[in-house]
1. How many residues does region 170-199 hold that are among the acidic types (Asp, Glu) and in a loop (DSSP other than H, G, I, E, B)?
2. Where residues in region 33-61 are within 21 Å of the chain's Cα centre (by Cα) and of a type in the set (Val, Ile, Thr), which of them is surrounded by the fewest Cβ atoms within 10 Å (Cβ to Cβ)?
3. State whether one or more residues within region 30-50 are over 23 Å from Ser239 (Cβ atoms) and modelled with pLDDT of 95 or more.
4. Quickly run through region 170-210 and pick out the residues that are within 13 Å of the ligand (Cβ to nearest atom) and touching a strand residue (DSSP E or B) at 6+ places or on another chain (Cβ under 8 Å).
5. Give the number of residues within region 109-139 that are touching a helix residue (DSSP H, G or I) at 6+ places or on another chain (Cβ under 7 Å), farther than 28 Å from Met86 by Cα and crowded, with 24+ Cβ neighbours inside 10 Å.
6. If a residue must be farther than 17 Å from Pro184 by Cα, assigned to a loop (DSSP other than H, G, I, E, B) and touching a Lys or Arg at 6+ places or on another chain (Cβ under 8 Å), how many such residues does region 200-239 contain?
7. Looking at (1) touching a strand residue (DSSP E or B) at 6+ places or on another chain (Cβ under 6 Å); (2) over 22 Å from Arg208 (Cβ atoms); (3) of a type in the set (Lys, Arg), which one does Arg162 not meet, given that it meets all the others?
8. Please work out which one of (1) at pLDDT below 95; (2) touching a His at 6+ places or on another chain (Cβ under 7 Å) is the condition Ala149 fails and give its number.
Amino acid sequence: MKTFLATFLMVVSTGHACLAATRLVEPRLTLRKQEAGTKPRVALTFDACSGRTDERILSMLIDNSIPATIFVTGRWLKRNGAVFAMLNARPDLFEIENHGAMHIPAVDRPMAIYGIPAAGSAQAVAAEVAGGAAAIEAQGATPHWFRGATAKYSLSSIGQIRQMGFRVAGYSVNGDGGSLLGAPATEKRIASVRDGDVIIAHINQPTRTAGDGVVKGILDLKAKGFAFVRLDGAVEDGSDDTTN
Ligand SMILES: [Zn+2]
């Protein structure tokens, strides 16, 4: 019995130590607030995780001259080379940033996040970050920000990514709920943002209804007089040492 109890306590305490060591953060990113009387301003950020391109969103941005920051993976780039070239040919509108090589969560310990296996080691985090940057650089763009798959990190991973020269892009409003929300809910979320918000949504899910809500929500903001900036055109404040 004593042995059993000792073993049990050991397991419990090891479990706790493990939990403490693998605490994940989902960093918050906002823009510096505008002075009173100035137009409200937000940043649109889109993830291109894998799969295809949502032309509804892309053509709305181009038709309305709305700038955005697009986080692409090496995996997405392989299948969407023509879209990438088009984005890269419009530096007046689009900033291209790093969403990783293979869309693997940039967490340096073995675990699964939303069912996706994390990189699992510092070495694998480095491969994901450097591989994503290399894929973008090979096409003639230079990323300065990184956002990992699932947007969750361990604090040590954030430190590592910062050491590699990237700022880590959190967000303040989850616009499309991972592209799983319906169109009305997505439109409502995006249309109700406030000055300084950084919105995250997806531009790689052309068959989901969330994309219709993204389009409508952004056009609602435009009609309300919001200005749109890219991450490279603003001063940001990120939690968890992601930007400073
Ligand atoms: Zn993603």
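1. Residues meeting the conditions: 2.
2. Top of the filtered list is Thr53.
3. Taking every residue of region 30-50 in turn, at least one turns out to be over 23 Å from Ser239 (Cβ atoms) and modelled with pLDDT of 95 or more.
4. Tyr171, Asn174, Asp176, Gly178, Ser179, Ile200, Ala201, His202, Ile203, Asn204
5. Number of matching residues: 2.
6. Residues flagged as farther than 17 Å from Pro184 by Cα, assigned to a loop (DSSP other than H, G, I, E, B) and touching a Lys or Arg at 6+ places or on another chain (Cβ under 8 Å) within region 200-239 amount to 6.
7. Arg162 satisfies every listed condition except (1).
8. The one condition Ala149 does not meet is (1).
The values are calculated or read from the model by the stated rules, or taken from the named source; none is laboratory data. Computed from a prediction, not measured in an experiment: that's the story for all the values here. Virtual Cβ from ideal backbone geometry, glycine too; neighbours counted across all protein chains shown.
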